[in-house]
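The values are calculated or read from the model by the stated rules, or taken from the named source; none is laboratory data. Note that the structure is predicted; figures quoted are calculated from it, not measured. FYI the Cβ positions are ideal-geometry reconstructions off the backbone, even for glycines, and counts take in every protein chain you see. SASA here: full protein model, heavy atoms, side chains in, ligands and nucleic acids out. Shrake-Rupley method; radii C 1.70, N 1.55, O 1.52, S 1.80 Å.
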Amino acid sequence: MALRKEHEIHKRRSGLNKGVGILLAAFVVLIMALTMVKVTSASFKFPDAQGEQN
């Protein structure tokens, strides 16, 4: 049982909060997918390390 009764504005904002959360998760998935496509492409090469000298 809750200590305090949930305020009416929290109920109204829960839908907005869920929508923003879904959009944020979709954006993260999109960035990850684009990164995986870029890294796994045949023409991708890691840059040479110019500062390292052994």
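Laid out as a table, the results:
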quantity	calculated
Positive-end extreme of charge dipole, the chain - chosen from VAL39, GLY21, ALA49 (charges on Cβ)	GLY21
Per residue value of the accessible surface for the chain (all protein chains in place, 1.4 Å probe), Å²	108
Trypsin sites (Lys or Arg not before Pro), loop per DSSP, at most 13 other Cβ atoms within 10 Å - longest free stretch of the chain	6-44
Sulfur and carbon atoms: percent of accessible area, the chain [1.4 Å]	65
Helix 8-40 axis, angle to the chain major axis (alpha carbon atoms, nearest 10°)	10
Cα pair count fraction exceeding 16 Å, expressed as % - the chain	69
Cα-centred dipole magnitude for the chain, charges only on beta-carbon of K, R (+1) and D, E (-1), debye, nearest 20	540
